[in-house]
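Below you'll find the structure, written out as structure tokens, and then a few comments.
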């Protein structure tokens, strides 16, 4: 099966290279414009949004959560995809209500340099974690961590994706996303049909874990419903695609991406649920799926992971180059610098693969927890229209969220037990609730004690 998967990966790589025209302008590389200067259409944007947010890591997480916590674990992960709905509202406010060209421009207007510094720090971590996690999934598919097959798969996948990403930048990413999403849908439909025909999709299997609000699945669902308000704003891949087309096309692309993504995640996650319902004692998810479904469905299962990893990785590299060159303005925003930035981020991601933490969900949870400092920014400054929030409120909320993210990481990894013996998702709910409540309180207090004229005085 590994040989067949390798052939498929090679074919996808060749197609991606063929569909990646060399960028001849900064507009094509950083803004996704066609050679004639045209913006992407609705279908391209929808498919690009979906395939870049259905990461390989996300598919694997949805299945793993279903395996351990039943359908409630999969639904909890699917709840994160409501981010497309809140993301649509965020983009509409930033870009079309206030007229800013980026999230950074909005934060700079409201909170000055500290607004963008904190934000760029969080999304920088987000981008590196995406590169690391999606490469990691590919390595896991081909071998045990540290094996020659694992190392070769990781390096080959990274090099191929980097090459075609460097060729065309965001324009190439949009073109390959379209192809990769079509392939993903075809494979997922085939996989779904095979699983249904296998006779394993039964009510008993799907509900092998009864609903209990205190179980990890429902608890994680509550966490998702808290984090979904701020999660999209800290994802530069999603936000970048909100600045590419006109208002109507942009709004529709987010709305359609929401329901398509949720359906895809649930369908894939149900594979984990089925495996969990029929797994033998001590049996891993992949082993259970292979025993239950056979070689062909498992090959399709792995192909979906490869396609989603590649589509997410090229988009993440494009957003990385835009972050450093366009948004942070550290270098001139030209094609040459954009390609160099991509190579640097890929190198950092590879270092994380070989040296970093292997817990896939930790990266999601830590990233999502850190992003919660943006929730009061959205509620008060963006949607509430308040321009008198002081910088100290913003910074205090940022420190609170980062501290919460670090605490969750140390608690979930077993380094500390400050929150007792609760399950790690229960701890995550405690932390997320505290950040949301106290972050909003800090902004509310700041709005009471400041005037529009004095909002920037604290740190300027």
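Here, each number is a calculation from the coordinates, and none is a lab measurement. Only a predicted model underlies this, so the values are computations on that prediction, with no experimental measurement involved. Here the Cβ positions follow ideal geometry from the backbone for every residue, glycine too, while neighbour counts run over all protein chains shown.
Points worth noting:
- Spin-label pair residue 197-residue 434: with each label point 7 Å from Cα along the Cα-Cβ axis, the two points sit 5.3 nm from one another.
- Ordering 34, 319, 145 from the fewest to the most neighbouring beta carbons within 10 Å gives 145, 34, 319.
- Relative contact order of the stretch 116-245, pairs being alpha-carbon contacts under 8 Å that are 6 or more residues apart, as %: 24 percent
- Helical contribution to [θ] at 222 nm, DSSP H n ≥ 4, -39,500 (n - 2.57), averaged over the chain, rounded to 500: -24000 deg cm²/dmol
- Relative contact order [Cα under 8 Å, 6+ residues apart], the chain, whole percent: 29 percent
- P(r) histogram, all alpha-carbon pairs of the chain included - 20 Å bins from 0, percent: 25, 59, 16, 0
- Inter-centroid distance (Cα atoms) of the stretch 181-212 relative to the stretch 123-159, Å: 27 Å
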